[in-house]
Every structure is written in C-alpha cells, then in structure tokens.
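Structure record follows, encoded as structure tokens.
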Amino acid sequence: MTQRPRHFASDNNAGISPEVLAAIVEANQGHVVGYGHDDYTERAQAAVSEIFEKECAVFFVSNGTSGNCLALSAFLESYDAVIAHEHSHLETDECNALGHFVPGVKAIPVGGPNGKIHPEAITQIVSSQRPVHGSLPRAVSLTNLSELGTVYRPEEVRTIANAAKRLGLVVHVDGARFANALASIGCSPADLSWRSGVDVLSFGGTKNGLGFGEAIVFFEPSFAGEFEYRLKQTGQLASKMRFLSAPWLGYLKDGLWLDRARHANTMAARLENLIRGLAQAEVLYPREGNAVFARIPDQAVDKLHERGWRFYNDVGPDRAARLMCSWDTTEEDVNEFADDLRVALG
Ligand SMILES: *Cc1c(COP(=O)(O)O)cnc(C)c1O
C-alpha cells in the first residue's frame with residue numbers, strides 16, 4: 001500500500017502549524033506562574049477579545065469535548081436539557097460527556113436539513129416538553145461550520161438566537177471549525193457570534209493548526225463568574241497553562257488562523273469541482289467549508305483505500321464519504337486523489 005504523508009480522514013490528522021510551534025518554543029523560557037496567571041495567557045485572552053472586538057471572558061481547555069461541556073455547564077442545572085442537531089458532535093461524538101459534566105443534563109436532538117437546526121424546531125421542542133415531567137430546555141447549541149460542512153450565516157444565527165431568547169434559552173456555538181465558517185462567508189468574528197446573539201463559543205483551533213487546546217469565549221464576562229472553579233473541579237485548569245495559551249498567540253497573529261482556514265476551504269472547493277466532473281460520484285450538501293461529502297460506490301472506496309487514501313465512508317445521514325481538507329493539504333494531494341478516484345470509478 002502507498003504511504004502518503006497526508007490524506008483526507010480528518011483535519012485533526014494534520015500536524016501543528018510552524019508558527020504555532022514557534023510560539024510554544026518561545027513560551028518555553030524561564031519560570032512562569034502556573035494556572036493561567038501568566039503573561040502568555042493574559043496576552044492570548046486579550047488577543048481573543050481583540051478579534052471579537054469586545055471584552056470577553058476567555059478560558060483555555062484541553063480539547064473540544066471539554067470545551068463544549070464546560071461552556072454549557074456554566075448555564076445548566078441538573079434538570080436542564082440542551083437542544084442540538086441530531087448529527088452534532090455534542091449528540092453523536094461526545095459519549096454524553098455533557099451528562100457527566102452536569103449529571104442529569106441531556107441533549108435533545110432535533111433535525112434540520114444539511115446539518116443545521118431549523119429555528120422552528122426550537123419552539124416545537126420547548127412546547128412539547130411537559131413542564132416538570134420533561135427536562136427543561138435551557139440552551140441551544142449550534143455547530144458552525146456544521147458537521148455536514150455547511151455554514152450558518154449571521155442572519156441564520158440571529159433567527160435561531162431570537163427564537164431561543166424568546167424562550168429564555170442560552171445560545172452556544174460549537175466552533176471546532178469556526179475559522180472555516182468565517183473564511184467561507186468573509187464576515188467578522190463578531191458578526192458571526194455575539195452580534196448575532198451568541199452567548200458562548202467553543203472556539204476551536206486544533207482542527208486548523210493548533211496541537212491542542214481550545215478556547216471557551218463568554219461574550220458577557222459576568223457569565224463566567226465562578227468558572228475557574230469548574231475548570232479546576234473537572235481537571236481542566238492546566239497547571240502549565242502557558243503551553244495551552246501561548247499557541248494562540250502564534251495562531252491569531254496577523255490573521256494566520258483565517259489564512260489557514262481559507263486555504264483548507266479552497267482545497268475543498270477544488271476537490272469538490274473535480275468530483276463534480278465525475279459522473280459516478282455525487283457531491284452531497286452544499287460544500288461551504290473544508291469538508292467535501294460525496295457518495296462514492298463501495299468498490300471505488302475500497303480501491304482508494306488500497307491506494308493509501310484514508311477517509312471515512314460512513315458519515316452523516318447518508319453514510320457518505322467525508323473528505324476533510326486541512327491547513328496543510330496541497331493542490332497535488334487534491335489532484336492525485338481526484339485522479340485516483342477517476343481511475344477507481346473506471
Ligand atoms: C473535532 C470536533 C470537536 C472537538 O472534539 P475533541 O475530540 O473533543 O477535541 C467538537 N465539535 C466538532 C464539530 C468537531 O468536529
């Protein structure tokens with residue numbers, strides 16, 4: 001089997017961006033106070049607030065699952081529920097960590113085309129929960145970029161947030177690929193978050209060139225009152241916090257994070273176009289970020305796997321092939337894959 005340096009299984013299979021690695025090395029000097037009371041962490045928090053054009057409360061945690069659960073937990077009682085898309089990471093890929101972080105809490109999955117929640121689903125769920133006998137919906141969680149590679153635009157987020165707020169619900173965004181969503185539509189981080197009614201964001205970077213460490217961003221700093229206690233209690237208050245926070249200084253500097261996401265999206269657009277030129281393969285859902293979903297006949301998938309290409313072939317409602325482009329995907333990777341796909345399809 002061909003050994004390939006890069007493939008399309010996931011954007012978390014890619015390594016660390018050199019600029020991010022340099023920021024880690026730079027932070028590796030001398031003694032620095034632990035638990036986040038250090039200059040690197042303060043500068044990284046300020047850098048996040050700056051890109052959102054607002055004073056935010058920012059916390060760095062190890063990964064996306066803890067980011068989602070901790071962000072939501074700040075708002076939840078044990079009898080609460082979180083409305084999330086049925087194909088969301090929160091619902092399908094986090095082993096109900098949410099119910100572990102806040103025992104008793106559950107997600108209520110809702111449908112909606114192309115991986116996006118339909119605003120009416122929120123009203124419908126809230127009115128169908130029997131008071132006292134059903135869990136109390138307290139938050140809605142959107143994923144942007146969605147798990148099916150589509151984008152919620154600011155006006156869509158606003159519509160959902162308006163529906164949620166009328167019912168007293170908090171709005172959370174799982175932004176594991178927030179950079180790819182922004183790069184796709186070209187709006188400001190503020191427009192796609194707090195200006196559209198988002199209360200708290202799990203701001204991911206690992207899928208886009210960080211090695212580890214996601215940020216939790218509360219747009220109203222007072223929401224974060226006793227949050228450090230939650231971090232500590234859940235084992236998420238890193239002792240050498242500077243190594244979780246300093247990478248963000250390299251990542252956010254001079255718009256690197258958006259450049260990298262734009263590149264991944266461009267590679268996905270190229271791949272999409274090449275696949276659209278092949279009669280026996282079908283692109284599914286609007287390709288808006290760095291993911292291309294396609295229906296590829298099983299025989300051709302087997303041949304591609306034999307050629308050393310790695311990608312999942314059972315993702316989402318259509319159990320489709322999911323081809324993720326990364327910050328380091330090259331045009332040659334895309335061309336070679338498309339050539340092999342053409343041959344595999346016969
Ligand atoms: C990758 C990902 C996460 C974070 O996953 P971890 O493995 O916990 O870091 C969260 N949400 C989405 C949509 C993701 O793709």
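The values are calculated or read from the model by the stated rules, or taken from the named source; none is laboratory data. Keep in mind that what you see is a predicted model, and the values were worked out from it rather than measured. Neighbour counts run over all protein chains shown; Cβ positions are idealised from the backbone, glycine included.
Values computed for the structure shown
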{"quantity": "Number of positions in segment 69-88 that are of a type outside the set (Asp, Glu), without any contact (Cβ under 8 Å) to a residue 60 or more places away in the chain and surrounded by fewer than 21 Cβ atoms within 10 Å (Cβ to Cβ)", "calculated": "2"}
{"quantity": "Hits in segment 321-346 (condition: touching a helix residue (DSSP H, G or I) at 6+ places or on another chain (Cβ under 7 Å), closer than 13 Å to residue 307 by Cβ and free of Cβ contacts under 8 Å to residues at least 40 places away in the same chain)", "calculated": "340"}
{"quantity": "Residue within segment 225-242 that is assigned to a strand (DSSP E or B) and among the β-branched types (Val, Ile, Thr) present", "calculated": "no"}
{"quantity": "Criterion (farther than 17 Å from residue 48 by Cβ, touching a residue at least 12 places away in the same chain (Cβ under 8 Å) and in contact with a strand residue (DSSP E or B) (Cβ under 6 Å, 6 or more places away or on another chain)) met by exactly one of 151, 200, 170, 157", "calculated": "170"}
{"quantity": "Candidate set from segment 86-111 (those that are closer than 16 Å to residue 173 by Cα and more than 10 Å from the ligand (Cβ to nearest atom)); member that is nearest to the chain's Cα centre (by Cα)", "calculated": "91"}
{"quantity": "Residue that is surrounded by the fewest Cβ atoms within 10 Å (Cβ to Cβ), among those in segment 1-20 that are more than 15 Å from the ligand (Cβ to nearest atom) and among the charged types (D, E, K, R)", "calculated": "4"}
{"quantity": "Inter-residue pairs, beta-carbon under 6 Å, first within 16 Å of the ligand (Cβ to nearest atom) and in segment 53-68, second assigned to a loop (DSSP other than H, G, I, E, B), 6+ apart", "calculated": "60/213; 61/236; 64/176; 64/204; 65/94; 66/236"}
{"quantity": "Among (1) over 23 Å from residue 319 (Cβ atoms); (2) touching a residue at least 40 places away in the same chain (Cβ under 8 Å); (3) not β-branched (Val, Ile, Thr), the one test that residue 131 misses", "calculated": "(2)"}
{"quantity": "Per-region count, segment 21-50, residues surrounded by 15 or more Cβ atoms within 10 Å (Cβ to Cβ) and touching a Lys or Arg at 6+ places or on another chain (Cβ under 7 Å)", "calculated": "5"}
{"quantity": "Options 115, 134, 149; residue that is over 26 Å from residue 241 (Cα atoms) and over 15 Å from the mean Cα position of the chain (by Cα)", "calculated": "134"}
{"quantity": "From 53, 91, residue being acidic (Asp, Glu), within 23 Å of residue 145 (Cβ to Cβ) and buried (at least 16 other Cβ atoms within 10 Å of the Cβ)", "calculated": "91"}
{"quantity": "Boolean, residue 189 is more than 24 Å from residue 268 (Cα to Cα), assigned to a loop (DSSP other than H, G, I, E, B) and either assigned by TED's automatic domain parsing to the domain that holds residue 65 or within 16 Å of the ligand (Cβ to nearest atom) (or both)", "calculated": "no"}
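Residue by residue, here is whether (1) away from the ligand (no atom under 16 Å from the Cβ); (2) outside any helix (DSSP H, G or I) holds:
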{"site": "125", "(1), (2)": "yes, no"}
{"site": "130", "(1), (2)": "yes, yes"}
{"site": "137", "(1), (2)": "yes, yes"}
{"site": "146", "(1), (2)": "no, yes"}
